[in-house]
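The values are calculated or read from the model by the stated rules, or taken from the named source; none is laboratory data. What you see is a predicted model; the values in this text were computed from it and never measured. All Cβ positions, even for glycine, are placed from backbone atoms using ideal geometry, and neighbour counts span all protein chains on display. Ligands, DNA and RNA are stripped out before the accessible areas are found, and what is left, the full protein with its side chains, is counted by its heavy atoms. Shrake-Rupley method; radii C 1.70, N 1.55, O 1.52, S 1.80 Å.
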Amino acid sequence: MKYLLAFALTILSALPLRAEINIQEIETPAGFDVWLVEEHSIPFVALELRFKGGASLDLPGKRGATYLMTGLLEEGAGPYDARGFAEGAEAIAANFDYDTYDDSIAISAKFLTETSDQALALLRESLINPRFDDVDVDRVRQQVLTGLQGDAKDPDTIASNRFSALAYGDHPYATAYEGTIESVQALTREDLQAAHQGAMAKDRVYISAAGDITPDELARLVDALLADLPETGLPMPGHVDVAMPGGTIVVPFETPQSVALFGHEGIAIEDPDYFAAYVMNVVLGGGGFEARLMDEVREKRGLTYGVYSYLVSRDHAAIYAGRVASANDRIAEAIEVIRAEWAKMRDNGVSEDELRRAKTYLTGAYPLRFDGNNAIANILVGMQMQGFPADYVETRNDRVTAVTQDDVARVAKRLLKPEALTFVVVGQPEGLEATAN
Amino acid sequence: MLRNVLKATVILVSWACAAIAQEAEDQVTTFSLDNGMEVVVIEDHRAPVVVHMVWYKAGSADEPAGSSGVAHFLEHLLFKGTKTLEPGELSRVVAENGGSDNAFTSYDYTAYYQRIASDRLELMMRMESDRMVNLQLDEGDIATERAVIIEERNQRTENDPSALFREQNSAALYMNHRYGVPVIGWRHEMEGLNLDQALAYYKRNYAPNNAVLVVAGDVEAEDVRQLADTYYGALPANPDLTDRARPQEPRQLAERRLVFEDPRVAQPYVMRSYLAPERNAGDQKDAAALVILSEILGGGQTSVLTRKLAFDQKLAVYAGAYYDAMSLDQSNFGLIVVPAPGVTLQQAEDAMDQVVAEFMVEGVDPAQLERIKFQIHAQQIYARDNVDGLARTYGSALTSGLTIQDVQDWPDVLAAVTANDIMEAARKVFDRKSSVTGWLRQPQEAAE
């Protein structure tokens, strides 16, 4: 493959705009707000649920509770043991995914129209009546512990954990949501039940669907699915100010290629200059080969397979970060080039031509994102989570187009802080001056 | 929900009731250009997007010995420019038009694609057809891009003990076939790749009569035909194109075992790979039985290996099976067990063998087979939501020795598989003489 796609694109990059879709905003009889795009040409439905809060709701000393709880939802629920639940889903070819993130729990369901009632009855058991039986807790806990042991030997995760610890102080973001070996081993059934009640409540659920279903039918199914959730859950954590120390931190690890994460404080998605920052990042390190970092570090010097930067706007913090990986004897040069580009962008902004290309890329790419029921349902629920109106799809490209060279220059001066730009390097880098360990 | 353990992926490709199959086939139009280039058009008018792909019937297994990685190296170099395109211009033009582009190389094919607004299809064809025959390279391109692919190998393989382990396994399984050589190349050969090797591979393999065009999305087949005629039809066929006669495996007489140790191993596991038949044109029955066998043994929570080893005996944190039916030459069928804490690799391997032996006696659970077949049926419906995936299915099939008819017959072939077919396929494939058993672990003195 020519290059790996940048990971961790912000929510905005997934937003399609002015695509020809008709978003219906439905309020169900039980009071849930649901967004729907009807599409009857293929006989299935994609349903997306999000519970805001996610792993950042872990209580003190219970890190990993939300993650383990979410992993257990499909491992025994109501009348079904883990195997019975899986067999039930297989028999109707329904796909359920349960994922944990820093700020949300994501549940994705895909089911054939003809099996809608059975599929959602099954899904309901996992959301409302998970069992958390000891045998299942022990089995899934062991899977989580296995994953954590792997993380301890994975350069990317080592770098990520160190970076988060530096960035987020005593906020839950500072540690991995999978927990630690010690915290996961200590979790009890009561902890998981508490996490379930605290994280999955009506006051934080967002719902979207796309596919072969009518608004009335969807409203009926959603009410039956979610009516028995608790009304309220745990309070959300507070905001955290990101303050990176600057410099280069080396975490020694015996491996041929050093992995570096870099970054500092970012910009909130609500900020009036967010779009200008977003366009700036496309020029500096987002997107593909056209970005300056890719051109300087890979195309001109062959120092890496991939280098990217990205804006991460979490609910309670914002960072501007990036990643590069180079052989141990070449990472120092890659870092030097990235630092120089960071300063250059802060001092000089973007050229008229770079701005034009970034804008035509962003505005041209947006309608291409609505290319299937799964994609559409995901986009809709993401918009709801951000608090965007449904007609945002009509206005987003105008906001991109409105960004000027001066806007980018202004936001570059404000956002880019070479003195705070911190590199966390995992490997055996040569010729690299570490400022801390 | 397990992460960081080798994923055993099985691609379930599609079975369907007649109506669904018919709708799927109605989406698809196929034809050939006068110069021999095959064309597949898959229509989906829900979004104004098109995926434009050119697949070459040439991958790493078609490389000359001693230049491993050259197929993938050339893939990178195809972005360097032509007589009329500046280096990087193709990707820049794609991005300026709101699109994305990339390429990938496998054992049996190399493919290039763009995903873009459907009214830009002609521009894509103009550029893609240009680089099929007009590539221009210099020594500077070679040196920089060779450094990039070595960093790619560092990232994908050298930094990942599991990837190194799989590489050793394949090398042991294939004693004569190029499937034993990694797609990205052996490092020492990558370091010596040069301009002549890249251009020789290009001249031998890149031609319209060795390529498949797949266009999927918001397009009309007739429009695609006219554009394809204009841009690809104008290119001359390569008269010297030869058959893809690659060295085949001899009869294998001795099972192979290996232990790969690396201090970076966090979770040891055992992996057994058997040589296995692949889908062949007009003859897909054995492969279909193996697809379902891999689902029965290792396809998720209710599979035989998971049920017995993870749920009942609690000897494994993960157990699975894998099989890739799409392959030009002989494929392989694999089993994996990640032992639970306190369980040795020997115990895990023995338990795995015991489960398979019991399966050979107990046979197929009819209820499980029925569920798998219904899932295959549903997959046919879900697959229509993802036109990129359909494009890849056709592209990989047509470059792996299959025909359009084989692709469209495949759902019926899967649906016709019986419990007897599965057991017969299992009896044939589980032959230790044509297998490799690998253990991945930490160096023993460093282990607990």
* Selected from B:ALA95, A:PHE388, B:PHE79, residue furthest toward positive end of dipole (the protein assembly as shown; charges at beta carbon) -> B:PHE79
* Filtered GluC sites (Glu not before Pro), segment A:179-246: DSSP coil and at most 16 other beta carbons within 10 Å -> A:GLU231
* Structure fact -> Relative contact order in percent for chain B (Cα pairs under 8 Å, 6+ apart) equals 25
* Asked: On average, how many beta carbons from a partner chain sit within 10 Å of the beta carbon of a residue in A:81-93?
  -> 5
* Sequence-distant lysines (8 or more away, or on other chains) whose Cα lies within less than 22 Å of A:LYS417 -> A:LYS344
* Structure fact -> Phi-derived 3J(HN,Hα) across segment A:127-135 with the Karplus relation (6.51, -1.76, 1.60, θ = phi - 60°), rounded Hz, x for Gly and Pro, is 7, 9, 10, x, 8, 6, 5, 3, 5
* Structure fact -> Taking a straight Cα-to-Cα line shorter than 24 Å from B:LYS433, and setting aside same-chain lysines fewer than 8 residues away, one finds B:LYS285
* To do: Using only protein heavy atoms and a 1.4 Å probe, report how much of B:THR393 is accessible, in Å² to the nearest 10.
  => 40
* **Euclidean distance between Cα centres, segment B:261-332 to segment A:202-253, Å** => 35
* Taking a probe of 1.4 Å, how large is the accessible area per residue of segment A:247-427, in Å²? -> 32
* Structure fact -> For segment B:256-441, the per residue accessible area (1.4 Å probe, Å²) is 34
* Structure fact -> For A:ALA318, other-chain or 5+-apart residues with amide H closer than 5 Å (H placed, Pro excluded) are A:VAL242, A:GLY266
* Structure fact -> Ignoring ligands, DNA and RNA, the residues of segment A:358-379 whose accessible area with a 1.4 Å probe is reduced by 50 Å² or more relative to the chain alone are A:TYR361, A:LEU368, A:ASP371
* Hey, can you grab everything whose amide H is under 5 Å from the amide H of B:ALA276? Only 5+ residues off in sequence or another chain; H modelled, so Pro and N-termini drop out. => B:SER331, B:ASN332, B:PHE333
* What figure in square angstrom, to the nearest 10, would you give for the accessible area of B:VAL70 with a 1.4 Å probe? -> 0
* Given springs between every Cα pair under 10 Å in a Gaussian network model of chain A, which of A:PHE388, A:PHE289, A:PHE262 has the largest fluctuation? -> A:PHE388
* Structure fact -> Along the dipole axis of the protein assembly as shown (charges at Cβ: +1 for Lys and Arg, -1 for Asp and Glu; origin at the Cα centre), the most positive-end residue among B:VAL54, B:ILE422, B:VAL355 is B:VAL355
* **Pairs beyond 27 Å (Cα-Cα), from A:LYS202/B:LYS314; A:LYS359/B:LYS57; A:LYS62/A:LYS202; A:LYS153/A:LYS300; A:LYS110/A:LYS202** => A:LYS202/B:LYS314; A:LYS359/B:LYS57; A:LYS153/A:LYS300
* Name the long-range amide H neighbours of B:VAL259: under 5 Å, sequence gap of 5 or more, or other chain; modelled H, no Pro or chain starts. => B:TRP439
* **Reach of B:LYS83 by Cα under 20 Å, taken over lysines that are not fewer than 8 positions away in the same chain** => B:LYS203
* Asked: Once you charge only the Cβ atoms, +1 for Lys and Arg and -1 for Asp and Glu, what is the size of the charge dipole of segment B:341-437 about its Cα centre, to the nearest 20 debye?
  -> 220
* Structure fact -> Helix-only [θ] at 222 nm, chain B, -39500 (n - 2.57) per DSSP H run of 4+, per residue, nearest 500, equals -12000 deg cm²/dmol
* To do: State the antiparallel share, in %, of DSSP beta bridges confined to the protein assembly as shown, rounding to the nearest 5.
  => 80
* Structure fact -> chain A, Gaussian network, Cα under 10 Å: of A:LEU47, A:LEU221, A:LEU421, the residue fluctuating most is A:LEU221
* **For a label point 7 Å along the Cα-to-beta-carbon line of B:ASP34, residues of segment B:183-224 with backbone N under 15 Å** => B:209
* Could you state how much accessible area is buried at the A-B interface, both sides summed, with a 1.4 Å probe, in Å² to the nearest 100? => 5900
* To do: For B:ILE404, tell me the accessible area in Å² from a 1.4 Å probe, rounded to the nearest 10.
  => 40
* Structure fact -> Under the helix-only model (-39500 (n - 2.57) for each DSSP H run of 4 or more, divided by the residues of chain A), the mean residue ellipticity at 222 nm, to 500 deg cm²/dmol, is -12000 deg cm²/dmol
* When the accessible area of chain A is computed with all protein chains present and a 1.4 Å probe, what percentage of it is carbon and sulfur? -> 49
* Between A:TYR98, A:TYR67, A:TYR392, find the one with the highest GNM mean-square fluctuation for chain A; connect C-alpha pairs within less than 10 Å. => A:TYR392
* **Vicinal HN-Hα couplings computed from phi for segment B:365-375 (Karplus, 6.51 cos²θ - 1.76 cosθ + 1.60; Hz; Gly/Pro x)** => 6, x, 5, 5, 4, 5, 5, 4, 5, 5, 5
* Structure fact -> For segment A:11-226, averaging the sequence separation of alpha carbon pairs under 8 Å that lie six or more residues apart and dividing by its residue count, the contact order in percent is 37
* How far, in degrees from 0 to 90, does helix B:387-398 lean away from the longest principal axis of the Cα atoms of chain B, to the nearest 10? -> 90
* To do: Express the relative contact order of chain A as a whole percentage, based on alpha carbon pairs under 8 Å and six or more residues apart in sequence.
  => 25
